[in-house]
Structure formats: C-alpha cells, structure tokens
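Participant: The structure under discussion is supplied below as structure tokens; questions concerning it will follow.
The values are calculated or read from the model by the stated rules, or taken from the named source; none is laboratory data. Since the model is a prediction, treat every value here as computed from it, not as a measurement. Here Cβ is always computed from backbone atoms with ideal geometry, including for glycine, and neighbour counts include all displayed protein chains.
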C-alpha cells in the first residue's frame, strides 16, 4: 500500500535485490485462519489498492488461492466476503 501510494503521488521508486532481513513465518500473531474477517479485510485491501480493479483482483485471488482455504470456504463464499469488504471500505 505504501509503495502504491508513493507511485500515485509521483515519488520515484526503484528496486534493489539486497536482503535487509529475514522473517520467520512459522508462527503468526495475527493470522487466525481463513475466517470471514480474513476475506473481508482482503476485499478492503484490494478496494483501497485499486478502486477500478478491486473486483477483478478479488476474483483472481480467490481462484489462485482456492486450494489453501478450500477446507474453510468455497470460492463463492470467499468472493462474496471480499465483495462485502469492498463495499464497507
């Protein structure tokens, strides 16, 4: 979000392959599974990131990651929750 905002405001951004740190992703203090809140928050994120493309970004996310959350939600449920997040943004 920060980088996207910078680009929109005309700040020149560049990439550099230098590693500046490592993240241990074995435990998470915020991820509680693929809950309703998770999908609603993703919808909010995509809406803020790109109002124009939010629905398409949500749909591609659901289709690309469906195997990860298939035990908790089906694609339709996940996409519906993401659309709710876009509206509540």
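Okay, residues lined up against (1) outside any loop (DSSP other than H, G, I, E, B); (2) at pLDDT 90 or above:
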site	(1), (2)
16	no, yes
28	no, no
59	yes, yes
71	no, yes
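Participant: Also, quick follow-up: Is it fair to say residue 37 is at pLDDT 90 or above and either within 29 Å of residue 72 (Cβ to Cβ) or part of a loop (DSSP other than H, G, I, E, B) (or both)?
Facilitator: In short, yes.
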